[in-house]
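Visitor: Have a look at the structure that comes next, please.
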Amino acid sequence: MYNPDQPNPDQPGGSPRKHMRTIAGHEVLFDREGFLWASGDWNKEIAEALAQESGLASLGEDHWRVICFLREFYDYNGRAPLNRELTKGSSLSLLQIERLFPDGIKRGARRIAGLPNPKNCL
């Protein structure tokens, strides 16, 4: 059984690559940068909790438009959209999207949408 307090065998002497935490009443695996380990663990309550952790008091209609587009695109294509695909699919400019998510598209929007860590997507 995985123990987040023990070093990961894949990283000798390093910190665990993933850890379990409770968020929005759910036990969920996260990577060490705060991204969901499995996109399928995501739900709207987790998104709202992650948004609050990022400094957003609430998620508005435009936030949800971006989040839903990110998830649908990822589910269909197996990857996150490129910026031009995101702007076209959400009908928002890159500047508008960046303003919506204080941590930006990668660390903000993608993380809140439950997409994998961009560093793990090579």
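Derivation of every value follows stated rules applied to the coordinates shown; laboratory data play no part. Given the structure is predicted, the values throughout are model-derived calculations rather than measurements.
Visitor: HN-Hα J couplings of segment 92-103 from phi, Karplus 6.51/-1.76/1.60, θ = phi - 60°, integer Hz, Gly and Pro as x?
Guide: 10, 6, 4, 5, 4, 5, 4, 5, 5, 10, x, 8
Visitor: Can you list residues from other chains, or at least 5 along the same chain, whose modelled amide H is less than 5 Å from the amide H of I23?
Guide: V28
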